[in-house]
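A.B. asks: Below is one structure. I have some questions about it.
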Amino acid sequence: MTIVTSYHTDVGIKKKANQDALLLKTAKTPKGDVGLFAICDGMGGLAQGELASATVIRGLSEWFDTQMPRLVDSDRLGEEICAELESCIQQLNEKIFQYGDASSVKLGTTLTALVMVYGQYFIAHVGDSRAYRLWPTFAQLTEDQTLVAREVARGNITAEQAKIDPRRNVLLQCVGATPEIDIKFLTGNVDENSVFLLCSDGFYHEITANELTKQFHVDKLTEASQIKNNIVESIETVKARDEIDNISVIVVKVS
């Protein structure tokens, strides 16, 4: 398995600071590439949001460097990756929450993390950043942990109403805001020429599934520079449609 990836992050058309934080790490093993990719969207005031998202990214980076060399040789690879990743995120949640409690500030961050190992993927998710599989078939892999997403699931509002609901950014949970979080995990197989996309919520409100599959067609993503160009084009499209939030995207292609 060979991984090709790129990213772009943009402060957007209104905000003065970018509270998003990203992580892209890969390593080569005798069995192929392994990788960890993550997007965090911080909240809690300018400095506090940046602190929360950066804290989670640093923690995950250290986890990859120290734990993945051992985990890739495990006979219980999937089980151990999810358990170890959950432990890492729970510790980061406690660290951020304790800082906020001691400082009398409210801060937190979303987290969508994608681990790829030997033909499998593992996703850890908290909040409303998203993970998509774009190829070979399109699917939104994560579910938004927001008030409006819950109302749609309960049948109280429609998906179209949710897009313009003033409560659409109200999170049900995020890393660091409460003493306990419920991390959602998803797993699946990685096929040849699979394409995955991670993004903060500033990206997906103003772009359609059809536009995503066209812009990130697998045939257009042979090199990292092509991926980068397509990401930047998509972000500029979203900005032109008056999205006011920070916007971040990671695209990962496997061959």
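A.B. asks: In the stretch 3-254, with Lys and Arg counted as +1 and Asp and Glu as -1 at Cβ, which of these residues, Val11, Leu71, Leu22, has the Cα nearest the positive end of the dipole, that is, farthest along it?
C.D. replies: Result: Val11, furthest along the dipole toward the positive end.
A.B. asks: A further question on this structure: Is there a quick way to get the dipole size of the stretch 105-206? I mean about its Cα centre, with the Cβ of Lys and Arg at +1 and of Asp and Glu at -1; what is the value in debye to the nearest 20?
C.D. replies: Rounded to the nearest 20 debye, it is 200 debye.
A.B. asks: Across 5 Å bins from 0, what is the distribution of all Cα-Cα pair distances for the chain, in whole percents?
C.D. replies: 1, 6, 14, 18, 20, 17, 13, 7, 3, 1, 0
A.B. asks: Right, next: Highest GNM mean-square fluctuation, the chain, Cα pairs closer than 10 Å: which of Val190, Val34, Val152?
C.D. replies: Val152
A.B. asks: Which value results when the Cα radius of gyration for the stretch 111-179 is divided by 2.2 N^0.38 Å?
C.D. replies: Computed over Cα atoms of the stretch 111-179, the ratio equals 1.28.
A.B. asks: Kirkwood hydrodynamic radius (Cα pairs, Å) of the stretch 9-153?
C.D. replies: It is 16.4 Å.
A.B. asks: If you don't mind, there's one more thing I want to ask. What lysines does Lys28 reach when the alpha-carbon gap must be under 28 Å and sequence neighbours fewer than 8 apart in one chain are set aside?
C.D. replies: Filter leaves Lys184, Lys220, Lys228, Lys253.
A.B. asks: Using alpha carbons only, what's the Rg to Rh ratio of the stretch 25-90 with Rh from Kirkwood?
C.D. replies: Using only Cα positions, Rg/Rh for the stretch 25-90 is 1.06.
A.B. asks: Let me ask something else about it. Between the stretch 22-41 and the stretch 64-80, how many Å separate their Cα centres?
C.D. replies: Here the answer is 13 Å between Cα centres.
A.B. asks: Would you work out the relative contact order for the chain, in percent, from Cα pairs under 8 angstrom that are 6 or more residues apart?
C.D. replies: After rounding, I find 28 percent.
A.B. asks: Defining a contact as two alpha carbons under 8 Å apart and six or more residues distant in sequence, what relative contact order in percent does the stretch 157-255 show?
C.D. replies: 40
Any read-out appearing in this document is the output of simple, stated calculations on the displayed coordinates, not a laboratory observation. Just so you know, these numbers come straight off a predicted model, no measurement behind them. Cβ atoms come from the backbone with ideal geometry, glycine included; neighbour counts cover every protein chain shown.
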